[in-house]
Amino acid sequence: MTTFWSLWITVLTLTCIALCAWILWANRKIEKHGDANEEVKTTGHVYDGIEEYNNPLPKWWFYLFLVTIVFGLIYLVLYPGLGSWKGLLNWTSVNELKVDQEKARADYVNSYDVYSKMSIEELSKNDEAMKIGFRLFANNCAVCHGSDAGGNYGFPNLTDDDWLHGGTVENIVATITHGRYANMPPWGEVIGDKGVANVTEYVLSLSGLEHDAAKAVEGKVVFDTTCSACHGMDAKGSIAFGAPNLTDDIWLYEGDRETISKTVRYGRVNRMPAQKELLRDDKIHLLSAYIYSLSR
Amino acid sequence: MTQPSEQPESSANEIRYVNLYEPSSKIYTRKVQGFYQRLRRYAGIPLMLGFLLMPWLVIDNRPAMLFDLSNHKFHILFVTFWPQDFILLAWLLIIAAFMLFTVTVTVGRVWCGFTCPQTVWTLIYIWIENFCEGDRNKRIKLDKQPWNPEKVARKTAKHGLWLLIAFVTGATFVGYFLPIRELLSGFFPSFNEGQIVWHTPAAAIFWTFLFTLFTYVNAGWLREQVCKHMCPYARFQGVMYDHDTLYVQYDKARGETRGARKPTEDPKAKGLGDCVDCSWCVQVCPVDIDIRDGTQFECINCGLCVDACNSIMDKMNYPRGLIRFTSEDELATGRTNFFRPRLFGYLIIVLVMLGVLVYTIYNRSPLGVDVLRDRSARMYRVQGKDIENVYKININNMDRATHTYTIELDGDLPYTLKNYRPMPIIEGEVFSLPIRVSVPKTAIQHESTDLIIRIIADDNPAITATEKTVFMAPQQR
């Protein structure tokens, strides 16, 4: 605030208060002509036959006005109000917010402290902890994995005990903390249209779905030489590569012929973002326990 | 048109100064006994006891009446009310207002004179004043005489008792917002490693002392000034009076011409009415008016002048009721008409509204449920041979106990509930539980099918709620 505006506001405020005080003081007595014993006159206002007396104001009311003026002056000394004057108490809304935030932070640390000392297995059986876990999940994870953690197209189901990157406590904590990245390269160019069609039939057969048996036999040859590098000879997947198990009829993308052949041809890239920077360790601890509990 | 200033002034008209701020004159009321005093006392005792004892009463391990502002809930007897029940409070206030209208139309401002806390506390304070300093004449004398030990003792006793009552009032009032046992025990600080520890929040102590101060100032010093200058009801109740409203009036026809006489004298022979002009009706008046001048806006219908006048009439062996609760019509024609549309209109409105309120509270469910379709990327999920939909069930437990809930599904499709994990939901908690509803692809006929979700408390099947939503499936080709 420039000096001019600061002065302007100060002068304006103080002048107004002084004017109020002057009006109050100047009106305490008036000159009146006439007989001292006459009755109080009406103001002359008449409405529906109701007239208004011109009675004096009670004195305590006058004192109340004085109290408000004194209160106002004390306020202006203690708190900011007169231009750039900061007030003796040095109050700012930012400071007030800071105090509240520190209190909230302390409350938060205290309440999470209890849970941080418990093991994930223990936490997964604690209803209170799991409620907090659910809320954390709803705020941070449900956007992709769904409110029920049942997954979405391209986002794994976390409730079926089928894990791309491992379902142990350590695996889950690592996944949330550091995120995951998995890449299936496109095979269309390498194995050709026929290869893609055959491998698709073979993959369908692995989960016992309806398939062309002749093509599946040819597909197995291609699979064993190319796909098995990551998915394994038994097609049960690999935690190291994040390659899914192809024999359990659980699909990250849908399990129909069209989708599978698209996956084989063009490949897939999938990323789970790291939460280390977003959530603190104690939140990840609780969240891991919640996710751990989902498939138990 | 002539300017008033141009007119010659008479010699009697002198210039003088008038104070525009009127110092209030102290009212010294005389003590009086009679029917309306007894009525007020006996009606007041249960109300006062109710006010004082209610915060101490415990129901379901919680205060019987507690307006728990920091936790956003009101415990009233057997029910706990939540912010979403606020409409009920609005209803209650509207009903209370209409009850006031009904009563005012019938018997004038008896609310002011008999039940308003301002009057009740003022009269308690006047009673104490009377007890400590004696009756009207003694008090006037005491105030005029110079300070001496007796005056100091009497004044100290009065203000001490006033403050004590004010504190009891303030603490009781705050006791409706903070459990009163906690509040009072918190007034005694404990010491911990040389530090004074206050267990009651500073805000509660602040409000207790503020209400103590306000009670003391209101009932001790401001008294009728509140009714005359602050209270809005006092002003608008006047417009509800009609010709058949019963209120305190002086029977002018019977009383005039007023004048002193001996009890043995026949007033008619002296040309006098029944009013002996003893001025008792003025001396007992807590708002300092003369009822014989006709009804005035200050009059709170307290009936003190009625009792005062009746006691004089008894002494004079005149019939009672020179000042009485009566209507304009009765004074004019001898009859009050109670059967008037205004009064019955108010009565019917009050009864209907009360009925609706009682019905609403009686049928109020302590379970609030909202069903939302999950806001995920896709509206349905294909899981093997099934189609799945996800819903979030927001459960608001407004009951006084922790509940776990069972979920039942109903509708035209063979719905299966999956992934429902029952959680104990504590009193007052709002928790959203996700559920997954699964239907075999083969059963689906439409893109959208109605789904009815019923939530039932495990330990009390009466606590239940039903919500309707839809089940979405891929387009059928």
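Just subtract the alpha-carbon distance of A:ASN95 and A:ALA229 from 0.36 nm times their residue separation and send over the number in nm, one decimal.
So the extension gain works out to 42.2 nm.
If r is the Cβ-Cβ distance from B:HIS229 to A:ARG28 and R0 is 30 Å, what FRET efficiency results, to the nearest 0.05?
For R0 = 30 Å, the calculated efficiency reads 0.95.
Can you compute the helix-only [θ] at 222 nm over chain A? Use -39500 (n - 2.57) per DSSP H run of at least 4 residues, normalise by all residues, nearest 500 deg cm²/dmol.
-17000 deg cm²/dmol
Give, as ranges by residue number, the residues of region A:123-161 whose backbone N falls under 15 Å from the point 7 Å along Cα→Cβ of A:ARG105.
none
Output the 0 to 90 degree angle, nearest 10, between the alpha-carbon long axis of helix B:117-133 and the longest principal axis computed from the alpha carbons of chain B.
50 degrees
Using the basic label-point model (7 angstrom from Cα toward the beta carbon), what is the B:ALA43 to B:LEU92 distance in nanometres?
2.2 nm
What is the extension gain from B:ILE205 to B:ALA443, computed as 0.36 nm multiplied by their sequence separation minus the C-alpha to C-alpha distance, in nm to one decimal? Before the final figure, lay out the partial values.
Working: separation 238, 0.36 × 238 = 85.68 nm, distance 6.62 nm.
The span from B:ILE205 to B:ALA443 would gain 79.1 nm if fully extended.
Taking a spot 7 Å from the Cα of A:THR168 along the direction of its beta carbon, which residues of region A:103-131 have an amide N less than 14 Å from it?
Within reach of a label on A:THR168, which here means backbone N under 14 Å from a point 7 Å along Cα→Cβ, region A:103-131 contributes nothing.
For B:LYS468, go through the aspartates and glutamates and keep the ones whose alpha-carbon is under 18 Å away, minus same-chain ones fewer than eight residues off.
Answer for B:LYS468, where 18 Å is the Cα cut-off: B:ASP370, B:ASP374, B:GLU388, B:GLU408, B:ASP410, B:ASP412, B:GLU447, B:ASP450, listed by chain and number.
Among B:ALA308, B:THR119, A:ALA26, flag the residue with its Cα farthest along the positive direction of the charge dipole of the protein assembly as shown, charges on Cβ as +1 for Lys/Arg and -1 for Asp/Glu.
B:ALA308
With axes computed from alpha carbons, what is the tilt in degrees of helix B:35-53 against the longest principal axis of chain B, rounded to the nearest 10 within 0 to 90?
Approximately 30 degrees, to the nearest ten.
How many angstrom lie between the Cα centre of region A:167-225 and the Cα centre of region A:52-124?
Each part reduced to its Cα centre gives a spacing of 63 Å.
What FRET efficiency comes out for A:VAL77 versus B:PHE67 if R0 is 45 angstrom and r is the Cβ-Cβ distance? Round to the nearest 0.05. Kindly include the intermediate steps, with their values, before the conclusion.
Working: r = 36 Å, r/R0 = 0.80.
Step by step, r from the Cβ atoms, then E = 0.80.
When all alpha-carbon pairs of region B:341-477 are counted, what percent fall beyond 27 Å? Kindly include the intermediate steps, with their values, before the conclusion.
Working: 3470 of 9316 pairs.
When every Cα pair of region B:341-477 is considered, 37 percent fall beyond 27 Å.
Report the charge-dipole magnitude of chain B in Debye, nearest 20, computed about the Cα centre from +1 at each Lys and Arg Cβ and -1 at each Asp and Glu Cβ. Walk me through the numbers on the way to the answer.
Working: 52 positive and 47 negative charges, 154 e Å.
Around 740 debye, computed over chain B.
Tell me, what HN-Hα J-couplings in whole Hz come from the Karplus equation 6.51 cos²θ - 1.76 cosθ + 1.60 at θ = phi - 60° for each residue of region B:413-424, using x for Gly and Pro?
9, x, 6, 10, 8, 10, 6, 8, 10, x, 10, x
Angle, helix B:86-107 long axis vs. longest principal axis of chain B, Cα atoms, 0 to 90°, nearest 10?
Long axis of B:86-107 versus the principal axis of chain B: about 30 degrees.
Calculate for chain B the 222 nm mean residue ellipticity that helices alone would give, adding -39,500 (n - 2.57) per DSSP H run of length 4 or more and normalising by residue count, nearest 500 deg cm²/dmol.
The helix contribution divided over chain B gives -11500 deg cm²/dmol.
How large is the Kirkwood hydrodynamic radius of region A:200-266, counting all unique pairs of alpha carbons, in Å?
Working: mean 1/r = 0.0843 Å⁻¹.
By the Kirkwood definition, the hydrodynamic radius is 11.9 Å.
Ignoring the sites themselves, what is the longest stretch of chain B with no chymotrypsin sites (Phe, Trp or Tyr not before Pro) in a DSSP loop and at most 11 other beta-carbon atoms within 10 Å?
Numbers: sites that count: B:PHE78, B:TRP147, B:PHE338, B:PHE339.
Counting only loop sites that pass the neighbour cut-off, the longest clear stretch is B:148-337.
What distance in nm lies between label points placed 7 Å from Cα along the C-beta direction at B:SER311 and A:HIS178?
9.5 nm
For region B:180-237 and region A:250-287, write down the distance between their C-alpha centroids in whole Å.
Distance between centres, Cα-based: 61 Å.
Can you find, among B:VAL103, B:HIS403, B:ILE435, the residue farthest towards the positive end of the dipole of chain B? Put +1 on the C-beta of Lys and Arg, -1 on that of Asp and Glu.
B:VAL103
Amide H neighbours of A:ARG268 under 5 Å, at least 5 residues apart or on other chains, H built in the peptide plane: list them.
Result for A:ARG268 returns A:MET184.
Could you compute the FRET efficiency for B:LEU372 and A:LEU278, with r as their C-beta to C-beta distance and R0 at 25 Å, rounded to 0.05? Working shown, then result.
On the way: r = 25 Å, r/R0 = 0.99.
Result of the calculation: an efficiency of 0.50.
Please get the size of the charge dipole for chain A, origin at its Cα centre, with Cβ charges of +1 on Lys and Arg and -1 on Asp and Glu, quoted in debye to the nearest 20.
Working: 27 positive and 37 negative charges, 249 e Å.
With Lys and Arg at +1 and Asp and Glu at -1, about 1200 debye.
Placing +1 on the Cβ of each Lys and Arg and -1 on the Cβ of each Asp and Glu in chain A, which of A:VAL109, A:LEU64, A:VAL221 has its Cα farthest towards the positive end of the resulting dipole?
A:LEU64
For region B:349-399, count all C-alpha to C-alpha pairs, find those more than 18 Å apart, and express that count as a whole percent of the total.
It works out to 60 percent of all Cα pairs.
Give me the distance in nm between label points sitting 7 Å out from Cα along the Cα-to-Cβ direction at B:PHE78 and A:ALA138, one decimal.
Result: 3.2 nm between the two label points.
What's the long-distance tail for chain B, i.e. % of Cα pairs beyond 31 Å? All intermediate terms of the calculation are to be shown ahead of the outcome.
Details: 73147 of 113526 pairs.
So the portion of pairs separated by more than 31 Å is 64 percent.
Taking neighbour Cβ counts within 10 Å as the exposure measure, how do A:LYS220, A:LYS125, B:LYS418 sort from fewest upward? Spell out each step's value before the answer.
Details: A:LYS220 20, A:LYS125 12, B:LYS418 16.
Ranked by crowding around the Cβ, least crowded first: A:LYS125, B:LYS418, A:LYS220.
If I histogram all Cα-Cα distances within region B:248-338 using bins 10 Å wide from 0, what percent of pairs lands in each bin?
Using 10 Å bins, I get a P(r) of 17, 49, 30, 5 for region B:248-338.
Short version: ³J(HN,Hα) in whole Hz for each residue of region B:387-392, in order, from phi by Karplus 6.51 cos²θ - 1.76 cosθ + 1.60 (θ = phi - 60°), x for Gly and Pro, what are they?
Here the 3J(HN,Hα) series is 10, 10, 10, 10, 10, 9 Hz.
Please list, ordered by chain and number, the residues whose modelled amide H lies under 5 Å from the amide H of B:SER376; skip anything fewer than 5 residues away on the same chain.
Counting only residues 5 or more places away or on other chains, the set is empty.
Based on other C-beta atoms within 10 Å, arrange A:MET1, B:MET423 from fewest to most. Write out the running numbers ahead of the final one.
Details: A:MET1 10, B:MET423 17.
Fewest to most other Cβ atoms nearby, the residues stand as A:MET1, B:MET423.
Tell me which residues come under 5 Å, amide H to amide H, from B:SER432 once H is placed; ignore anything under 5 positions away on its chain.
For B:SER432, the qualifying residues are B:ILE395.
Using only the alpha carbons, work out the radius of gyration and Dmax of the protein assembly as shown in angstrom.
Gyration radius and largest Cα-Cα distance of the protein assembly as shown: 41.0, 139 Å.
Could you work out how much longer the chain between B:THR404 and B:PHE191 gets when fully extended? Use 0.36 nm per residue separation minus the Cα distance between them, nm to one decimal.
Working: separation 213, 0.36 × 213 = 76.68 nm, distance 4.29 nm.
Length gained between B:THR404 and B:PHE191: 72.4 nm.
Can you sort A:SER261, B:SER311, B:SER185 from fewest to most other Cβ atoms within 10 Å of each residue's own Cβ? Numbers along the way, then the final one.
Working: A:SER261 19, B:SER311 16, B:SER185 12.
Listing A:SER261, B:SER311, B:SER185 from fewest to most nearby Cβ atoms yields B:SER185, B:SER311, A:SER261.
Hey, got the dipole for the protein assembly as shown? About the Cα centre, +1 on K and R Cβ, -1 on D and E Cβ, debye to the nearest 20?
Charge dipole of the protein assembly as shown: 2560 debye, to the nearest 20.
Semi-axes, largest first, in whole Å: what does sqrt of 5 times each Cα gyration tensor eigenvalue give for chain A?
Details: eigenvalues 1307, 110, 84 Å².
The answer is 81, 23, 20 Å, longest axis first.
Rule-based calculations on the coordinates, nothing more; no lab input. Since the structure is predicted, the reported quantities are computational estimates derived from the model, not experimental observations. We place every Cβ from the backbone using ideal geometry, glycine too, and count neighbours over all the protein chains shown.
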